[in-house]
Amino acid sequence: TVMAAPVTNDQSWFFALALGVSFLKCLLINAYHSTDFEVHRNWLALTHSLPAAQWYYEATSEWTLDYPPLFAWFEYGLSHIARFFDKEMLVVQNLNYASPATILFQRLSVIVADVVFFYAVKECCKCLREDKGKYLLGKPSFILTVLLLWNFGLIIVDHIHFQYNGFLFGVLLLSIARHFQNRHFEGALLFSILLNLKHIYLYIAPAYGIYLLRCFCFTQSNIYASPESRINKLSIDLPQVLSRLFPFKRGLCHAYWAPNIWALYNIADKAFSILGVKFKLLDINKLPKASMTGGLVQEFQHSVLPSVSPLATLVCTVLSILPALFRIWHRPNGARGFLRCLVICALGSFMFGWHVHEKAILMAILPLSLLAVESREDARIFLILSITGHYSLFPLLFTTQELPIKILLLLLFTIFSLTSLKTLFRSGGALLNPLEATYLLGLIPLELICEFVYPLTVWQKTFPFLPLMLTSIYCALGVTYAFIRLYISLLTCSDSTKKIKTQ
Amino acid sequence: MENWSLFSLCVLLGLTSRWAVSFHSYSGAGKPPMFGDYEAQRHWQEVTYNLPVHEWYFNTTNNDLNYWGLDYPPLTAYHSLVCAYVAKLLNPEWVELHASRGYESHSHKLFMRATVLFTDILIYIPAVLLYCFYFCDGFSKQKVATALCILLYPGLILIDYGHFQYNSVSLGLALWGILGLGLGWDLFGSLAFTLALNYKQMELYHSLPFFCYLLGKCIKQGLIGRGFFQLAKISLTVLVTFALCWMPFLSDPKQPLQVLHRLFPFGRGLFEDKVANTWCSLNVLIKIKTLLSRETQLFLSFALTLLFILPSSLKLLSKPNLWQFKLALVNSSLAFFLFSFQVHEKSILLAAFMLPLLVKDGLLLPYVVTSLAFLFLSLYLLSHLTRTNEPLFWYFPFLVISVATFVWLEPPAKFPDLFPVLVSILSFLHFLGFIIYFNLVQLMEPQRKKSQKKTN
């Protein structure tokens, strides 16, 4: 049966979805928050109390300012509103201050900042090639809106763990939307703003660089450079800022083991060293005491395989994304080719980068959503990447109270994405082949073992890192698979018949 | 999208809101010496686990009835006993006799909240899904929308997962009863409802419609033949269920009397606190609580309840079909709420008018969020799915303004209770309007397109 969608109320469903997810975020105000909460409180305090020249020198708290200047200004702006909630949070010495008013203010600031994200999603929906559906629930724009607004990773990381990713990804998606709409200057400007808000987006800078250079005359490149330099002229000591932004003293793997190549590399190294000792090929006293299994972020030496330096990871990353960049240079496929290249850059940097945090997987999942509602192959890659990537975020919320929430929300997102994409692409057989489906189903026993069975066993005391390791390895397989498939789809896709209109 | 996926999304949303609300405070948190309903439930686990059955409802040295004595029927006590066994496994300190009074800890809160979630998933949510699937008219998207609205109903969520109670058990069992009757499984329906009644005596509000419907149905089938046989089976089911539930208390005649005395505390007076019923509202104008003797009060409330419930019940008796049954349920519970003795505001489970209670519990934020979400969602879905422009839209800002008034304005010093009383009186007027309206609808049966489908 067809549900009648009144033509006049065309966009009210968007408002309903946005309001609904905002209500959910409000209910989560009292949930667990990580140390990132204190990080941002500290930044509110130091931007409010100190002159700009000292922001990157302040070190009373261990959470020094490690985002670029524009974000510092954003915190400065927020701090003026924070005054009306609780003045005490703006005192730098009040470490770990978390009064109810502070929590309310910080949580609300994330929820309100998400308005940028809502606007960006609306713009992205306008960029879809075709938006026809028999009924509302089958329309690509509706599906895309839910996949983005109700994205599990964003809700978990922003509104429980605590960060401002919604706002930042809003800027990114808006920049992408502008490129789709051939408003390239705005797109480039937005991206330079984004880089000045959080430097992690350097991961995808190559895609922007190649695309813009390739598609527009060189003479215009000066215009794109200047917004960036204008923003950087903010009277800040550059070396000091850079040293805070790129702390290479931190280890190869973040405390929670992002499911990337290096996690597999570390496991292989550990496995070889254990086997080597067992078979008397190595002397146990000569092996360095590796502490990679703990939660500390330090440099460490590998025992068997060659050690990995930051430079090595950079080389690997560049090598992994080079084919995609070449492809876009030789055969730009318009905005969609650019987007695909962007996702590959994000994934490549995730897979091979130094000190990658699992949250970075969102940089690949969110833009991929746009492609997923338009092409069958992309939908399939999206399903594997998003379900695996989202599951890998589970260790971020390790408290018992949040356990039902994270399981319920992941199920919500997964069931919706599976059924809606399946319905959208129902012609042409099943979306996932049996192997892929089995892999995804394997996440269920993995979760049961890691969070329900393992804590009750004796090994919990001796090998506390084992669940993390298992999660990381299992998810790394899925992420790698998605990366390879994405590359194949980029390298084998045919040219778009539309030509890019130069301005 | 297929139905099963839409229904499961509704369930997941419902469960997420429930658990998110449970993060907030509960009744009596950190408020010695009496604390609140949360402590009452914990105390019942302690009492049922440590004391023998014949002491549960009596005032003994080990069991001080003034400190949250048991005042629900035996099934609640058995439920507390089961929870107590689990609690003992996890942490014996939670149910230590006497020593665990006022016990509060994060892990204990998680445990208690988990017990509510467990019974909700087991009893209430399947009943709601089946109800929406089988007994809602309209195409499938409307059924899903109804399920979503019911599952997101703030009153139940806030009372069960915020304030802390187990209403989902009794409501769920009553809903199973309605389901049973709707599917024609009269025995199953009677069994379920009897269990509901033995869980919370508040279900008496719904008992008369059940009785009249079943009796009417049996009469229609002929009191000399099949009808009589059916009646006998139903009565037997009910009696056996009662006997099983009350079995430990039947050894000594004093036992059931004491239990009944705890369940129906006529000594406590016509009403307590501010409640949106007739007596409380009337009390503002005429101080009936002090003017009339207790016996007169009892008689008056009994008479008026009967008066308001009789028309609807008689109509149901004469025309026992499902539509009449549903309306009779509404009318009966409204009548009881408005006119009976010792009614507590929770009996109505209507969120908008429980604000004072929830603010006291520290539940303002979840109250605001869930109520706004529910109002917006139901109005939005209503307007889109039924293609009508309900004048209900004016209601939304009206409620918001009244809530805001209550929260932010300071009452004048001479009348510190002004706002709660105003809220109560306003609510009372609403309910009075509802009971008149629904009685009219049931008695007069205005033109309905699908009346044929509903006959049983």
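The table for this structure:
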read-out: Matching residues, region B:49-66, being of a type in the set (S, T, Y) and loosely packed, with under 15 Cβ neighbours inside 10 Å; value: B:T60, B:T61
read-out: Single residue of region B:236-254 satisfying the filter (outside any loop (DSSP other than H, G, I, E, B) and open to solvent by 50 Å² or more (accessible area, probe 1.4 Å)) that is farthest from B:A192 (Cα to Cα); value: B:K254
read-out: Complete set of residues in region A:387-408 that are open to solvent by 10 Å² or more (accessible area, probe 1.4 Å) and at the interface with chain B (Cβ under 9 Å from one of its Cβ atoms); value: A:T400, A:Q401, A:P404, A:L408
read-out: Residue tally, condition more than 7 Å from every other protein chain (Cβ to nearest Cβ) and either under 14 Å from B:M1 (Cβ atoms) or within 19 Å of the chain's Cα centre (by Cα) (or both), over region A:409-430; value: 10
read-out: Filtered residues of region B:1-13 (kept if outside any helix (DSSP H, G or I) and either away from chain A (no Cβ under 14 Å) or surrounded by fewer than 18 Cβ atoms within 10 Å (Cβ to Cβ) (or both)); value: B:E2
read-out: Region B:14-33, residues that are facing chain A (nearest Cβ under 7 Å) and in a helix (DSSP H, G or I); value: B:L15, B:T16, B:S17, B:W19, B:A20, B:V21
read-out: All positions within region A:320-356 that are of a type in the set (F, W, Y) and either surrounded by 22 or more Cβ atoms within 10 Å (Cβ to Cβ) or at pLDDT 90 or above (or both); value: A:F338, A:F350, A:F352, A:W354
read-out: Condition check for A:F152: within 14 Å of chain B (Cβ to nearest Cβ), at pLDDT 90 or above and open to solvent by less than 30 Å² (accessible area, probe 1.4 Å); value: yes
read-out: Some residue of region A:453-462 being within 26 Å of the chain's Cα centre (by Cα) and in a helix (DSSP H, G or I); value: no
read-out: Where A:V343 falls short, out of the listed (1) closer than 19 Å to A:Y208 by Cβ; (2) not in a helix (DSSP H, G or I); value: (2)
read-out: Single residue of region A:11-30 satisfying the filter (among the aliphatic types (A, V, I, L, M) and more than 19 Å from A:K122 (Cα to Cα)) that is farthest from the chain's Cα centre (by Cα); value: A:L27
read-out: Neighbours by Cβ (under 8 Å, 6+ apart or cross-chain): first from region B:237-259, charged (D, E, K, R); second in a helix (DSSP H, G or I); value: B:D252/B:H54
read-out: One residue from B:I219, B:I159, B:I178, B:I224 being at pLDDT below 90 and surrounded by 23 or more Cβ atoms within 10 Å (Cβ to Cβ); value: B:I159
read-out: Hits in region B:305-324 - residues which are open to solvent by less than 40 Å² (accessible area, probe 1.4 Å) and not in a helix (DSSP H, G or I); value: B:P320, B:N321
read-out: Selection count where residues are over 14 Å from B:E46 (Cβ atoms), in contact (Cβ under 8 Å) with a residue 24 or more places away in the chain and of a type in the set (S, T, Y), scope region B:56-70; value: 1
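Conditions (1) assigned to a helix (DSSP H, G or I); (2) modelled with pLDDT under 75; (3) under 28 Å from B:A77 (Cβ atoms), marked per residue:
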position: B:P256; (1), (2), (3): yes, no, yes
position: B:V259; (1), (2), (3): yes, no, yes
position: B:R262; (1), (2), (3): yes, no, yes
position: B:C280; (1), (2), (3): yes, yes, no
position: B:V284; (1), (2), (3): yes, yes, no
position: B:E295; (1), (2), (3): yes, no, no
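Residue by residue, here is whether (1) over 13 Å from A:L90 (Cβ atoms); (2) in contact with a helix residue (DSSP H, G or I) (Cβ under 9 Å, 6 or more places away or on another chain); (3) open to solvent by 50 Å² or more (accessible area, probe 1.4 Å) holds:
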position	(1), (2), (3)
A:S34	yes, yes, no
A:V39	yes, yes, no
A:N42	no, no, no
A:L46	no, yes, no
A:L70	yes, yes, no
A:L78	no, yes, no
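The values are calculated or read from the model by the stated rules, or taken from the named source; none is laboratory data. Predicted model only: the values in this text are computed from it and were never measured. Note that each Cβ is placed from the backbone with ideal geometry, even for glycine, and that neighbours are counted across all protein chains shown. Ligands, DNA and RNA are excluded from the accessible area calculation, which covers all protein heavy atoms including side chains. Shrake-Rupley method; radii C 1.70, N 1.55, O 1.52, S 1.80 Å.
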